[in-house]
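Read the structure below first, then the notes.
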Amino acid sequence: MVLYTVTLNYDFCEKRREYMDFQSNRFYHIISYGCQANMSDSEHYAGQLEELGYHNTEDLDTADVILINTCCVRETAEDKTLGKIGELKHLKKQNPDLIIAVTGCMAQEWQDKLFKRAPHIDLVIGTHNIHKLIELIRERRSKADHYMAADMTLPAFHDMPVKRFQKFFAWIPIMNGCNKFCTYCIVPYVRGREVSRPIDAIVEEIKKVAAEGYKEITLLGQNVNSYGLDLKDGTDFSKLVAAVDDIDGIERVRYMTSHPKDMTFAMIDAIADSKKVVNHMHLPIQCGSDELLKKMNRGYTVEHYLELVDYARKRMPDLVLTTDIIVGFPGETEAMFEDTLNLLKRVQYDMAYTFIYSPRTGTPAAKMEDQIPQEEKSRRLQRLMDVQNVYSLAKNKEMEDHVYDVIVEGPTKNDANHWFGRTTGNKMIIWENDGSVAIGDTVPVQVDKGQTWVLKGHLVH
């Protein structure tokens, strides 16, 4: 095995004609795991491949390039990725010219160890090297060796083509990386330090997608509330919100993810005063114990968090509030866990994304004493969900008989006769399709029945 780190720059426009004929009958398939940032990265991988004339295929047997965009936030994500990589080995035997690329956070963490684990992999591409895909494919085609690009000293953003996977909403990266170093989290180590895109560049991209007919955007960052701090020119998230609000053609602006440490009343005011930013706020608390929050290095207290929640609800009475919660963090006592349950009862979230603590190699929490047995973590998770589900159901039942505007997303996964869309508060409503609407339409839907996870309704004509 020969391992190279490629450092050359690649000019898409210059090389497009050279390779178009060669690539025009070739196909790619992208498998994405993890967060919305990964989905956005996958769109840029797809854009590069289509720039060269590759076509998307859902048939792995016909693919000439298979790209697995990975996540390593939790152990289960890594296990799923390794399982998928193993499944592709037989395709490599059938087609030795097949190129298998592993990208994303796990690629950044594992680097050349992936070649040792799975020699049938051809390319490993880290989080700051998305723009090197075509360059690496060219090297692989010419020499049939393993190639890696995992240089985190490169700029976080590059001018790349993009193939958007959705018809009416678009991911808009506004920053990359994280400076928080929560003791359980691997993200700062695989995404690097916080780097913000200039407002002008973000606005230009949003104007472009608006002109292409996109109605909804999501501003993406590991911590959007830190946006602009690295620019040191007074730019912050509230100023970005104000700038985006003035762009014609966009109906809805979403954002994720927020961090309570950097959320301010001024930012809440900017969101509340906006004409286009939605009434959904995802504000991760992680737990309800100050002692545990300190061990997690979260940088805020429960009291501060509740002040933010109370102010947000005061400014936005229709606020839909969701959160993240970890159970079984090292040292979590029964009393600490009860504090988390009490927090749920105090806040009454619309929904909570709940996780069992998963040790990540290289993080401080993985070395902490008092690791919680798996059985106990599972027990606590179930208790947590039992409490939260009561509030999720109650919140959704309060929506019965009310009419909400949704943007039509299309048929549900399991039933083509039922379509769905989301409210501004990110609540999914499902209705029976009568053929009167199209994907991307904004339509009124009345909620007939509120369930724990979804709403059932009908179109209002």
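The values are calculated or read from the model by the stated rules, or taken from the named source; none is laboratory data. Please read all numbers here as calculations on a predicted model, not as lab measurements. Here the Cβ is made from the backbone with ideal geometry for all residues, glycine too, and neighbour counts use every protein chain on show.
Would you point out the residue of the range 235-266, among those that are of a type in the set (D, E, K, R) and under 19 Å from the mean Cα position of the chain (by Cα), that is nearest to Tyr311 (Cα to Cα)?
Start the filter on the range 235-266 by keeping residues that are of a type in the set (D, E, K, R), which leaves 236, 239, 245-246, 248, 251-252, 254, 261-262.
Subset that is under 19 Å from the mean Cα position of the chain (by Cα): 252, 254.
Numbers: Arg252: 22, Arg254: 19 Å.
Ranking the qualifying residues of the range 235-266, first place goes to Arg254.
Inspection of the range 317-330 finds a residue satisfying the criterion of being within 29 Å of Ile268 (Cβ to Cβ) and more than 25 Å from the chain's Cα centre (by Cα). Considering the range 88-166, the qualifying helices (runs of 4 or more DSSP H), each wholly inside and each with 1 or more residues that are modelled with pLDDT under 90, run over 133-143. Filtering Thr323, Thr340 for residues that are touching a strand residue (DSSP E or B) at 6+ places or on another chain (Cβ under 9 Å), modelled with pLDDT of 95 or more, assigned to a helix (DSSP H, G or I) and crowded, with 20+ Cβ neighbours inside 10 Å leaves a single hit, Thr340. Here is the figure for the range 202-252: residues that are touching a Ser or Thr at 6+ places or on another chain (Cβ under 8 Å), outside any helix (DSSP H, G or I) and within 30 Å of Asn297 (Cβ to Cβ) total 7.
Restricting the range 413-437 to residues that are touching a residue at least 24 places away in the same chain (Cβ under 8 Å) and acidic (Asp, Glu), the residue that is farthest from Val277 (Cα to Cα) is Asp434.
Taken as a whole, the range 47-65 holds at least one residue that is modelled with pLDDT under 95, of a type in the set (A, V, I, L, M) and within 19 Å of Arg140 (Cα to Cα). Is the range 266-274 home to any residue that is in contact (Cβ under 8 Å) with a residue 60 or more places away in the chain, surrounded by fewer than 22 Cβ atoms within 10 Å (Cβ to Cβ) and more than 24 Å from Gly34 (Cβ to Cβ)? Checked against the condition, which is being in contact (Cβ under 8 Å) with a residue 60 or more places away in the chain, surrounded by fewer than 22 Cβ atoms within 10 Å (Cβ to Cβ) and more than 24 Å from Gly34 (Cβ to Cβ), the range 266-274 yields no hits at all. Is there any pair with a first residue in the range 241-258 that is farther than 18 Å from Arg197 by Cα and a second that is surrounded by fewer than 19 Cβ atoms within 10 Å (Cβ to Cβ) and aliphatic (A, V, I, L, M) whose Cβ atoms are under 9 Å apart and which are 6 or more apart or on different chains, and what are they? From residues that are farther than 18 Å from Arg197 by Cα, the pairs are Asp246/Val203; Asp248/Ala210; Gly249/Ala210; Gly249/Ala211; Ile250/Ala210.
Condition first: assigned to a loop (DSSP other than H, G, I, E, B), loosely packed, with under 14 Cβ neighbours inside 10 Å and within 26 Å of the chain's Cα centre (by Cα). Can you find one or more residues in the range 359-379 that meet it? Yes, that holds for at least one residue. I'd like to check something: does the range 387-396 contain any residue that is modelled with pLDDT of 95 or more, surrounded by 16 or more Cβ atoms within 10 Å (Cβ to Cβ), under 18 Å from Thr322 (Cβ atoms) and touching a Gly at 6+ places or on another chain (Cβ under 6 Å)? Looking through the range 387-396, at least one residue is modelled with pLDDT of 95 or more, surrounded by 16 or more Cβ atoms within 10 Å (Cβ to Cβ), under 18 Å from Thr322 (Cβ atoms) and touching a Gly at 6+ places or on another chain (Cβ under 6 Å).
Is it the case, given these coordinates, that Lys314 is assigned by TED's automatic domain parsing to the domain that holds Met256, closer than 30 Å to Trp110 by Cα and either free of Cβ contacts under 8 Å to residues at least 60 places away in the same chain or in a helix (DSSP H, G or I) (or both)?
Working: assigned by TED's automatic domain parsing to the domain that holds Met256: yes; closer than 30 Å to Trp110 by Cα: no; either free of Cβ contacts under 8 Å to residues at least 60 places away in the same chain or in a helix (DSSP H, G or I) (or both): yes.
It is false that Lys314 is assigned by TED's automatic domain parsing to the domain that holds Met256, closer than 30 Å to Trp110 by Cα and either free of Cβ contacts under 8 Å to residues at least 60 places away in the same chain or in a helix (DSSP H, G or I) (or both).
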